[in-house]
Amino acid sequence: MASEIILKKVDEVFMQVQCDKGLARDLYDFFSYTVPNAKFMPSVKNRYWDGKVRLFSIKTNKIYIGLLPYVDEFCRERGYDIVGINDIIGEKHREKCSQSWLADLNLPFEPREYQIDAFNTATQYGRQLLLSPTASGKSLIIYLLARYYNKKTIIIVPTTSLVEQMAKDFKDYGYDKEICKIYGGQPVFDSDITISTWQSFSKAPKDVMESFEVVVGDEAHLFK
């Protein structure tokens with residue numbers, strides 16, 4: 001019989017993995033990476049830091065909820081049963097992206113298979129971290145998610161040029177409603193889809209921040 005792992009939601013960002021010390025050490029090692037060019041950083045040269053970022057805490061057993069699919073896969077491959085996924089993400093829709101729904105969107109071209117896979121994975125887990133290379137059509141994946149959830153959505157990007165680019169892409173995909181763009185003194189108005197830089201959004205009133213039901217972060221590797 002497989003050992004059992006219990007997942008507990010800590011808050012909207014973190015979950016806790018209740019497991020034995022051996023598995024905790026494996027998770028600690030697996031969910032870590034060396035920062036590019038870390039060897040040139042003063043903190044590494046002076047041996048204050050080894051240049052690695054560790055996403056799993058060996059002290060608290062906490063890890064980002066967005067990494068749940070990878071924790072799930074990691075543990076199941078090693079013969080563990082996981083309990084508590086639905087307590088963290090709630091009951092999610094399990095249906096796949098249908099051709100009839102895609103047809104209703106009237107996209108100017110057909111999404112690629114990996115874009116559909118990314119969409120299906122995101123809707124399965126709700127909170128998800130997706131890795132997709134440059135020029136792979138991330139804006140289309142984001143667009144599909146925004147249209148699928150059909151709720152008030154904020155998309156956070158790192159630069160003002162990406163705000164404009166994302167809005168243009170959505171229009172090219174056939175979106176015919178007004179998109180609110182928050183940056184550099186642009187007027188803020190009620191809209192189903194809002195695109196903003198994180199710098200501008202951090203200055204938004206609290207009631208504006210709390211009005212969104214879906215949050216998408218683009219270029220997550222630049223997030224702090």
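The values are calculated or read from the model by the stated rules, or taken from the named source; none is laboratory data. The structure presented is a predicted model; accordingly, all values stated were derived computationally and were not measured. Please note: Cβ atoms are built from the backbone with ideal geometry, for glycine as well, and neighbour counts cover all protein chains shown. When the accessible area is computed, the model is the full protein with side chains, heavy atoms only, and any ligands, DNA or RNA have been set aside. Shrake-Rupley method; radii C 1.70, N 1.55, O 1.52, S 1.80 Å.
Of all residues in region 147-159, those being open to solvent by 70 Å² or more (accessible area, probe 1.4 Å) and either among the aromatic types (Phe, Trp, Tyr) or under 19 Å from GLY217 (Cβ atoms) (or both) number 2. Looking only at residues of region 165-183 that are within 25 Å of the chain's Cα centre (by Cα) and among the acidic types (Asp, Glu), we find that the one that is farthest from ALA204 (Cα to Cα) is ASP172.
Among all positions in region 83-99, there is at least one residue which is over 21 Å from ILE6 (Cα atoms) and in contact (Cβ under 8 Å) with a residue 40 or more places away in the chain.
For region 94-114, indicate whether the set of residues that are in contact with a helix residue (DSSP H, G or I) (Cβ under 8 Å, 6 or more places away or on another chain), open to solvent by less than 60 Å² (accessible area, probe 1.4 Å), outside any loop (DSSP other than H, G, I, E, B) and within 20 Å of GLY217 (Cα to Cα) is non-empty. The answer is no, given that none of the residues of region 94-114 is in contact with a helix residue (DSSP H, G or I) (Cβ under 8 Å, 6 or more places away or on another chain), open to solvent by less than 60 Å² (accessible area, probe 1.4 Å), outside any loop (DSSP other than H, G, I, E, B) and within 20 Å of GLY217 (Cα to Cα). Does ASP207 count as of a type in the set (Asp, Glu), assigned to a loop (DSSP other than H, G, I, E, B) and exposed (fewer than 15 other Cβ atoms within 10 Å of the Cβ)? Considered against the rule, which asks whether it is of a type in the set (Asp, Glu), assigned to a loop (DSSP other than H, G, I, E, B) and exposed (fewer than 15 other Cβ atoms within 10 Å of the Cβ), ASP207 comes out as no. Among the residues that make up region 14-21, is at least one of them touching a Phe, Trp or Tyr at 6+ places or on another chain (Cβ under 6 Å) and under 21 Å from ILE82 (Cβ atoms)? Among the residues of region 14-21, not one is touching a Phe, Trp or Tyr at 6+ places or on another chain (Cβ under 6 Å) and under 21 Å from ILE82 (Cβ atoms), which makes the answer no.
Does region 22-33 contain at least one residue that is at pLDDT 90 or above, in contact with an Asp or Glu (Cβ under 7 Å, 6 or more places away or on another chain) and not acidic (Asp, Glu)? No; the residues of region 22-33 include none that is at pLDDT 90 or above, in contact with an Asp or Glu (Cβ under 7 Å, 6 or more places away or on another chain) and not acidic (Asp, Glu).
Considering region 184-199, the residues that are under 16 Å from THR153 (Cα atoms) and outside any strand (DSSP E or B) include one that is nearest to the chain's Cα centre (by Cα), namely TRP198. In region 199-221, the residues that are farther than 14 Å from LEU130 by Cβ and of a type outside the set (Asp, Glu) form Cβ pairs under 6 Å with partners that are at pLDDT 90 or above and in a helix (DSSP H, G or I), at six or more places apart or across chains, as follows: VAL214/TYR149. Say whether the condition of being open to solvent by 50 Å² or more (accessible area, probe 1.4 Å), in a helix (DSSP H, G or I) and over 26 Å from THR121 (Cβ atoms) is met by at least one residue in region 44-67. Looking for residues that are open to solvent by 50 Å² or more (accessible area, probe 1.4 Å), in a helix (DSSP H, G or I) and over 26 Å from THR121 (Cβ atoms), one finds at least one in region 44-67, hence yes. Check region 24-35 and report whether any residue there is more than 27 Å from TYR125 (Cα to Cα), assigned to a helix (DSSP H, G or I) and touching a residue at least 12 places away in the same chain (Cβ under 8 Å). Checked region 24-35: no residue is more than 27 Å from TYR125 (Cα to Cα), assigned to a helix (DSSP H, G or I) and touching a residue at least 12 places away in the same chain (Cβ under 8 Å). The combined condition, being without any contact (Cβ under 8 Å) to a residue 40 or more places away in the chain, under 20 Å from PHE14 (Cβ atoms) and open to solvent by 80 Å² or more (accessible area, probe 1.4 Å), is fulfilled by GLU73. Out of the residues in region 168-184 that are out of contact with any strand residue (DSSP E or B) (no Cβ under 9 Å at 6 or more places or on another chain) and open to solvent by less than 80 Å² (accessible area, probe 1.4 Å), which is farthest from PHE109 (Cα to Cα)? Among residues in region 168-184 that are out of contact with any strand residue (DSSP E or B) (no Cβ under 9 Å at 6 or more places or on another chain) and open to solvent by less than 80 Å² (accessible area, probe 1.4 Å), the one farthest from PHE109 (Cα to Cα) is ASP169.
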